[in-house]
1. Collect the residues in the stretch 122-146 that are assigned to a loop (DSSP other than H, G, I, E, B) and in contact (Cβ under 8 Å) with a residue 24 or more places away in the chain, keeping them in residue-number order.
2. Among the residues in the stretch 1-14, are any in contact with a Leu (Cβ under 7 Å, 6 or more places away or on another chain) and either in a helix (DSSP H, G or I) or modelled with pLDDT of 85 or more (or both)?
Amino acid sequence: MGIQVGGANGAGSPEGALLVRECEEFLDGRFALRLADAERPVPGWAWVNLLVHGSERLLRALAALAVAPWTEDADQDWGHVTVVLAQRLCRVAETFEVDLVRLQRCALVPIELEMFHDPGWQQVGPGIVAMRIMSAIDEALGNRCL
């Protein structure tokens, strides 16, 4: 028995194509940026996802920003925190000569999984998330998982 692809609800439909594109954006850390570009609300987990799965090029581009480019009031704090955390990730990777992808996996993937598992994270603001991520980066360096 084979698996059918396409059809009314498959990847060949407009809905399927949108789902595939959103999955790709999630996996490469660009989902938050797409929502922000579309002027849609961006949940906190999507900003964290950008840090967890964003490419080195994307994180370095964010780290080079002085101010977050997002204008929506609701996303301004998250955008700022995302820029600051991208700067921290890049600085730690350079200072300690660790691979940025390995740092993301070691320090940030557990936080992302925790955010999806625990609905309480939906109520947490960017400041608390930033402190948790900074702590996780420090723990990763201390535990030598890098």
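1. 124, 125, 145, 146
2. no
The values are calculated or read from the model by the stated rules, or taken from the named source; none is laboratory data. Please read all numbers here as calculations on a predicted model, not as lab measurements. Reconstructed Cβ throughout: ideal geometry from the backbone, glycine too, with neighbour counts over all protein chains shown.
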